[in-house]
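First comes the structure, then the notes that go with it.
The values are calculated or read from the model by the stated rules, or taken from the named source; none is laboratory data. Since the model is a prediction, treat every value here as computed from it, not as a measurement. All Cβ positions, even for glycine, are placed from backbone atoms using ideal geometry, and neighbour counts span all protein chains on display. These area figures cover heavy atoms from the full protein model, side chains too; ligands, DNA and RNA do not enter into them. Shrake-Rupley method; radii C 1.70, N 1.55, O 1.52, S 1.80 Å.
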Amino acid sequence: MRVTIDGTQIRTHADLHNALAGPLDFGPFYGHNLHALWDRLSTDVERPVEIVWKNSAASREQMGAEAFDAITSVLIRAAQADEANPEDKRLTVLFA
């Protein structure tokens, strides 16, 4: 599965959580915070999945560097945790 995020539409943490929660089926009890994001990405999301964040620089500008870096850190860490898995069992992240 591929989830494409348009960075021009991601201005806040909430925007990002909403952009991922629906397509990745995080469920009704998703906490919409970085810990919940990590939990879902690291254990609950069926693989393979590719997250493509287009116009990510626009998100960084709108959110601010600190908020953007906190989110991207979780995404990158989740992808790195899957690097040893076969390709069909990986989460990958691309910032464009």
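Listed highest first by mean packing, meaning other Cβ atoms within 10 Å per residue, what order do 78-88, 53-63, 38-48 come in? Walk me through the numbers on the way to the answer.
Details: 78-88: 12.6, 53-63: 18.5, 38-48: 15.4.
Output ranking for 78-88, 53-63, 38-48: 53-63, 38-48, 78-88.
Go from 0 up to the bin containing the longest alpha carbon distance in region 43-96, width 5 Å each, and give me the % of pairs per bin.
Reading upward from the zero bin: 4, 20, 27, 21, 14, 10, 4, 0.
Amide H to amide H under 5 Å from residue 93: which residues, 5+ apart in sequence or cross-chain, H placed 1.01 Å off N in plane?
Amide H to amide H, under 5 Å and 5 or more residues apart or across chains, residue 93 pairs with 51.
For the chain, which whole percent of the accessible surface, found with a 1.4 angstrom probe, sits on carbon and sulfur atoms?
Working: 2740 of 5500 Å².
Within the chain, the accessible surface is 50 percent carbon and sulfur.
Take every DSSP beta bridge with both residues inside the chain and express the antiparallel ones as a percent of the total, to the nearest 5. Mind dumping the intermediate values first?
Details: 0 of 10 bridges.
Of those bridges, close to 0 percent are antiparallel.
Using a 1.4 Å probe on the protein heavy atoms only, what accessible surface does residue 94 show? Give it in Å² to the nearest 10.
Number for this one is 80 Å².
Evaluate the distance, in nm, between pseudo-label points positioned 7 Å from the Cα of residue 87 and of residue 42 along their respective Cα→Cβ axes.
It is 2.7 nm.
Would you mind computing, in nm to one decimal, how far apart the modelled labels at residue 77 and residue 57 are, each placed 7 Å from Cα along Cα→Cβ?
Label-label distance for residue 77 and residue 57, simple model: 2.8 nm.
Specify whether the C-alpha gyration tensor of region 1-49 places it in the rounded, prolate or oblate class, a ≥ b ≥ c being the square roots of the eigenvalues: rounded for a/c under 1.5, otherwise prolate if a/b is larger than b/c and oblate if not. Working shown, then result.
On the way: a/c = 1.97, a/b = 1.21, b/c = 1.62.
In terms of gyration-tensor shape, oblate.
Could you check the spin-label model distance between residue 69 and residue 34? Points 7 Å from the Cα along Cα→Cβ, value in nm.
1.0
Report, by chain and number, residues whose modeled amide H sits under 5 Å from the one on residue 55, excluding near sequence neighbours (fewer than 5 apart, same chain).
Those lying under 5 Å, H to H, from residue 55 are 7, 96.
State in Å² the accessible area per residue of the chain; use a 1.4 Å probe, count heavy atoms of protein chains only, and round to the nearest integer. Walk me through the numbers before you get to the answer.
On the way: 5500 Å² over 96 residues.
Roughly 57 Å² per residue, with all protein chains present.
Could you tell me the extents of the chain's C-alpha atoms along the three principal axes, largest first, rounded to whole Å?
Its Cα atoms span 35, 29, 20 Å along the three principal axes.
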